[in-house]
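Below is one structure, written out as structure tokens, with a few remarks after it.
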Amino acid sequence: MIAVSEKYALEVSSPAPITSEEQHDEYVSVLDKLAGKEHPTREEEKYAQVLLMLIEAYEEENHSIPNASPVEVLRALMDANDLKQKDLAAIFGSESIVSEVLHRKRDLNKTHIEKLSKRFRVSPAVFF
């Protein structure tokens, strides 16, 4: 592993669990450099895998986003954009349908999700 870090003049010679944001940033930087290499050696690929596992473990513990239901996502987007039910009536077809969705009496359908993702400029995946 030292050969990999010496080759890149990096400080991460012996990867260990990440304990700080600075260490996280360093590991991400190293991983970016390795990922940008056109023809990495087998040793470099293994090194990158180890870094990736350590980064993912740190991010899962420290940067994880709790799972939110489609309605919670919609409500958050409405709050962030200072919108009321009536502002989404055109997307849903009527204000009553917006109300039913927000009160969990009706699920979002494919058309709603497509229109909402365009309206809020987010991936449709946030509603799943």
Requested in this report: For residues that are at pLDDT 95 or above, closer than 17 Å to Pro124 by Cβ and β-branched (Val, Ile, Thr), tally how many sit in the range 72-107.
Outcome: 2
Query raised in the report: Among Lys118, Lys37, which is more than 18 Å from the chain's Cα centre (by Cα), on the phi < 0 side of the Ramachandran plot and either outside the structural domain of Ser13 (by TED's automatic domain parsing) or assigned to a helix (DSSP H, G or I) (or both)?
Result: Lys118
Report summary line: Subset of the range 87-115, residues in contact with an Asp or Glu (Cβ under 7 Å, 6 or more places away or on another chain) and not charged (D, E, K, R), comes to Ala89
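Name every residue in the range 77-92 that is surrounded by fewer than 13 Cβ atoms within 10 Å (Cβ to Cβ) and either out of contact with any helix residue (DSSP H, G or I) (no Cβ under 9 Å at 6 or more places or on another chain) or in a helix (DSSP H, G or I) (or both), in order of residue number.
Here is the first cut: in the range 77-92, the ones surrounded by fewer than 13 Cβ atoms within 10 Å (Cβ to Cβ) are 79-82, 84, 86, 90.
Hits for the range 77-92 are Asp79, Ala80, Asp82, Lys86, Ala90.
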Query raised in the report: among the small types (Gly, Ala, Ser), out of contact with any Gly (no Cβ under 7 Å at 6 or more places or on another chain), part of a helix (DSSP H, G or I) and outside the structural domain of Ser14 (by TED's automatic domain parsing) - does that describe any residue in the range 57-67?
Result: no
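Find the residue count for the range 42-72, including only residues that are within 30 Å of Leu108 (Cβ to Cβ), more than 14 Å from the chain's Cα centre (by Cα) and of a type in the set (A, V, I, L, M). It would help to see each step written out before you state the result.
Within the range 42-72, the subset within 30 Å of Leu108 (Cβ to Cβ) is 56, 59-60, 63-72.
Checking the rest, the ones that are also more than 14 Å from the chain's Cα centre (by Cα) come to 69-72.
Those left that are additionally of a type in the set (A, V, I, L, M): 71.
Within the range 42-72, residues that are within 30 Å of Leu108 (Cβ to Cβ), more than 14 Å from the chain's Cα centre (by Cα) and of a type in the set (A, V, I, L, M) number 1.
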Requested in this report: Return yes or no: is Glu6 out of contact with any helix residue (DSSP H, G or I) (no Cβ under 6 Å at 6 or more places or on another chain) and at pLDDT below 85?
Outcome: yes
Requested in this report: Look through Val101, Val126 and report the one residue that is assigned to a helix (DSSP H, G or I) and within 24 Å of the chain's Cα centre (by Cα).
Outcome: Val126
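The values are calculated or read from the model by the stated rules, or taken from the named source; none is laboratory data. All of these numbers come straight from a predicted model, not from anything done at the bench. Here Cβ is always computed from backbone atoms with ideal geometry, including for glycine, and neighbour counts include all displayed protein chains.
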